[in-house]
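One structure is given here, and the rest of the page talks about it.
The values are calculated or read from the model by the stated rules, or taken from the named source; none is laboratory data. Computed from a predicted structure; not experimentally measured. So basically every Cβ, Gly included, is an ideal-geometry build from the backbone, and we count neighbours across all protein chains shown. Keep in mind that these areas ignore ligands, DNA and RNA; they rest on the heavy atoms of the full protein, side chains included. Shrake-Rupley method; radii C 1.70, N 1.55, O 1.52, S 1.80 Å.
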Amino acid sequence: MTPETITAAAAGTWRLGDLTVNRVGFGAMRLTHLADGSPSDRERATGVLRRAVELGVNHVDTASFYFSPLRSANELINRALAPYADDLVITTKVGPGRDAAGQWWWAEPGQLRAQVEENLRQLGRDHLDVVNLRIPRRETTGSIAEHFGALAELRTAGLIRHLGISNARPDHLAEARAIAPVVCVQNPYGIGSPAEDHAFLDACGEQGIAFVPFFAIAGAGKEAGASAEDSPGVLALAEAHGVSAAQLRLAWTLSRGPHVLAIPGTGNPDHLVENVAAGALRLTADEVALLDAL
């Protein structure tokens, strides 16, 4: 089996509420710009999205604040994938906002409806499948009840189907679940994450909640992307499997539990194929333990 013939179904499936998704999805953040910050090529970006769906990706993560001076991730998704397939799940997030100059601001509870409606308009939909409340600073943010409660009201009104939280702590999850069902937690996570992050991932699984890591490939590089420097342990194991370090990192992330979903993002069609193929890589318990220890 060659990478080009492996589909997103190879990693298995999970349910976000009543929506079944393949565990390897696609993150849209990198569609709008190149590594040097310049705008991406529109046709290449829409081609990557269509190719992702051809490869079985049915979970796309996006946000209205994913934009560059010339590109909007939501509008690229709309152009490439509408009319949407019945099994395509589009997850978005609200909380942060950016003005036309790219300056960031954070929404008050009463401003969340406008952010939801902006996503609806850009995506050309009458409801959003999953909306994550993005929390500004998980280390210091207190109660999220007012913000999450505002989203729960929009869910009751039919604008949102399911809710999640992002950049959250366990107490945020408990607070949110007391207000409305939570189908996913989307947090930074990858090889080298601290013990408390591993414990939170496990706790989500025990509660039947999807854990959706971001920066699983980039690691400490975060928005800048993966560092050229990988640990010798990662590189040696990747070479042993005949895969890239990025693929190994994705495979390890998926090995952490059946409730773990991956949303690697790229504007490169070759990297897309590699990311999807990582879902077919199976690591032994000893290999997982070795990577756990890094």
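Six or more apart or on different chains, Cβ atoms under 6 Å: show the pairs whose first residue is in region 48-65 and farther than 16 Å from His271 by Cα and whose second is among the charged types (D, E, K, R).
Final answer for the pair search is Asn58/Asp87; Ala63/Lys93; Ser64/Glu118; Phe65/Arg98.
Please specify each residue of region 212-264 satisfying the condition of being modelled with pLDDT of 85 or more, more than 13 Å from the chain's Cα centre (by Cα) and in a loop (DSSP other than H, G, I, E, B).
Once the filter is applied, which keeps residues that are modelled with pLDDT of 85 or more, more than 13 Å from the chain's Cα centre (by Cα) and in a loop (DSSP other than H, G, I, E, B), region 212-264 yields Gly242, Val243, Ser244, Arg256, Gly257, Pro258, His259.
Glu43 versus (1) under 17 Å from the mean Cα position of the chain (by Cα); (2) more than 26 Å from Pro96 (Cα to Cα): which is the lone unmet condition?
Status for Glu43: all satisfied but (1).
Scan region 199-214 residue by residue and report those that are touching a helix residue (DSSP H, G or I) at 6+ places or on another chain (Cβ under 9 Å) and open to solvent by 40 Å² or more (accessible area, probe 1.4 Å).
Result: Ala199, Gln207.
Restricting to region 38-66, count the residues that are open to solvent by 50 Å² or more (accessible area, probe 1.4 Å) and under 17 Å from Gly27 (Cβ atoms).
The total comes to 4.
Working only within region 1-34, note down all residues that are of a type in the set (Val, Ile, Thr) and crowded, with 21+ Cβ neighbours inside 10 Å.
Passing the criteria: Ile6, Val21, Val24, Thr32.
Do we have Thr91 as of a type in the set (Ser, Thr, Tyr) and crowded, with 24+ Cβ neighbours inside 10 Å here?
yes
What are the residue pairs meeting all of these: first residue in region 230-248, first residue free of Cβ contacts under 8 Å to residues at least 12 places away in the same chain, second residue not in a helix (DSSP H, G or I), Cβ atoms under 9 Å, and 6 or more apart or on different chains?
From region 230-248, the pairs are Ala238/Asp230; Ala238/Ser244.
Which one is surrounded by the fewest Cβ atoms within 10 Å (Cβ to Cβ) among residues in region 125-175 that are within 13 Å of Val185 (Cα to Cα), out of contact with any Lys or Arg (no Cβ under 6 Å at 6 or more places or on another chain) and touching a residue at least 60 places away in the same chain (Cβ under 8 Å)?
For region 125-175, the residue satisfying everything is His162.
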